[in-house]
Amino acid sequence: MLTLSLPIYRKKISSKIKQADYLKNGAAMQQEETSNLLTLQWASAIRDWEESERLLNLYEAQIILVEQQLQIMETTYAGGNLALAEVLQTQQLLLEYRGKKLNALYQQHQSLAKLDALHSPSPINF
């Protein structure tokens with residue numbers, strides 16, 4: 001008795017194996033891409049937090065200096081040696097620095113919320 005084997009499905013099977021390998025590689029690359037994206041977002045949020053922390057310290061120092069300057073100007077104004085417009089300009093500058101400090105605090109809270117969201121197990125889109 002003679003048996004004959006025809007390789008009819010050989011190409012089909014080998015192409016299915018190649019396809020499975022490509023899908024496996026694609027999934028691994030997609031996982032690596034997601035990991036890289038999360039790392040990038042984490043680094044960005046840390047950088048934003050550090051920047052806002054730096055700005056908070058800067059504006060706090062500026063506010064202290066302007067408050068000291070304002071006290072001196074009010075004393076000088078009370079003595080009659082300074083115009084009211086200059087005191088008002090200094091008060092305006094103090095208000096601007098306080099507004100900038102609040103904005104930096106807002107940015108810091110946003111970056112902390114982003115870090116918290118990146119650390120949480122549930123997916124949140126930004």
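The values are calculated or read from the model by the stated rules, or taken from the named source; none is laboratory data. Predicted model only: the values in this text are computed from it and were never measured. Methodologically, a virtual Cβ is constructed for each residue, glycine included, from the backbone with ideal geometry; neighbour enumeration extends over all protein chains shown.
So the values come out like this:
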{"read-out": "Single match in Glu33, Glu51 (criterion: acidic (Asp, Glu), part of a helix (DSSP H, G or I) and either in contact with a helix residue (DSSP H, G or I) (Cβ under 8 Å, 6 or more places away or on another chain) or surrounded by 11 or more Cβ atoms within 10 Å (Cβ to Cβ) (or both))", "value": "Glu51"}
{"read-out": "Only one of Gln41, Gln69 that is in contact with a helix residue (DSSP H, G or I) (Cβ under 7 Å, 6 or more places away or on another chain), under 20 Å from His119 (Cβ atoms), surrounded by 11 or more Cβ atoms within 10 Å (Cβ to Cβ) and of a type outside the set (Gly, Ala, Ser)", "value": "Gln41"}
{"read-out": "Residue identified as loosely packed, with under 14 Cβ neighbours inside 10 Å, at pLDDT below 95 and either not charged (D, E, K, R) or not in a helix (DSSP H, G or I) (or both) among Asn81, Asn57", "value": "Asn81"}
{"read-out": "Contacts under 7 angstrom Cβ, first residue in the stretch 28-51 being touching a residue at least 60 places away in the same chain (Cβ under 8 Å), partner surrounded by 12 or more Cβ atoms within 10 Å (Cβ to Cβ) and not in a helix (DSSP H, G or I), 6 or more apart", "value": "none"}
